[in-house]
Amino acid sequence: MKLLEERIRKDGIIREGGVLKVDSFINHQMDIPLFREMAREWKRLFAGKPINKVLTIEASGIGIAAIVASELNVPVVFAKKAMSINLDYDNYETQIQSFTHKKIYNVIVSKKFLTPNDHVLIVDDFLANGCALMGLLTLAQEAGATVEGIGIAVEKGFQPGGDLVRARGIQLESLAIVESMDAATGEVVFRPQPHQS
């Protein structure tokens, strides 16, 4: 998606260690008009799929997922990273390792909100090593839900997450795939995606 690639070139900050900061428009301060355009693109790319729910993980994916769910006119469910007193105890649970936080989380979804009747679109802000995404796929599998596809805002094509997902035969639509980035020069190279706008 050219609009997202241009925004990453303009406002993204590259740090050593393969870190791409997009916190001025995606995962701290959120650019809602940009999110709407991203949601419309995913709606086009997943047209014809019987999606009845959007699934994401807290916290950075929630804003994007909410706009996508609004565009599709379906609910959004997010996997929680901590048990709280207002959660029921009848949950699906798995562990994920966060690339950004370098921490292992137990992620939880209530069995009330993810069922075998659900056809989900998984949405998240980043795909790097694929740990969070694999966790969401595990939760959906435990629930017996059908994963109709995965929408990712920014995929790091030089890390293994995208290949892991594509090897499972799931439709993965990353709106910007970073092939390489250089912290010294600030240069970002994107993978061409001819079927996207």
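Among 3, 172, sorting on how many other beta-carbon atoms sit within 10 Å of each Cβ, with the fewest leading, yields 3, 172.
Here's how it looks for residue 19: its modeled amide H is under 5 Å from none belonging to a residue 5 or more places away or on a different chain.
Label-to-label distance for residue 106 and residue 36 is 4.1 nm, based on points extended 7 Å past Cα in the beta-carbon direction. Charge tally around residue 163: other residues with Cβ under 14 Å, Lys/Arg +1 each, Asp/Glu -1 each, net +2. Per-residue Karplus couplings for the range 52-58, computed as 6.51 cos²θ - 1.76 cosθ + 1.60 with θ equal to phi - 60°, are listed in order as 10, 7, 9, 10, 9, 10, 6 Hz, Gly and Pro entered as x. Each of 15, 7 was scored by other Cβ atoms within 10 Å of its Cβ. Listed from fewest to most, they are 15, 7. By other beta-carbon atoms within 10 Å, ranking 113, 126, 158 with the fewest at the front produces 158, 113, 126. The long axis of helix 32-45 is offset from the longest Cα principal axis of the chain by roughly 70 degrees. Taking label positions 7 Å along the Cα-Cβ direction at both residue 184 and residue 23, the computed distance is 2.6 nm, reported to one decimal. Computed from Cα positions, the angle between helix 60-72 and the longest principal axis of the chain comes to roughly 80 degrees. Tell me, what is the FRET efficiency for residue 141 and residue 9 to the nearest 0.05, using R0 = 35 angstrom and their Cβ-Cβ distance as r? Here the calculated transfer efficiency is 0.40.
Quick note: the coordinates plus some simple rules give every number you see, no bench work behind them. Model, not experiment: these values are computed from the prediction. Don't worry about glycine lacking a Cβ; one is built from the backbone with ideal geometry, like all the others, and counts go over all protein chains shown.
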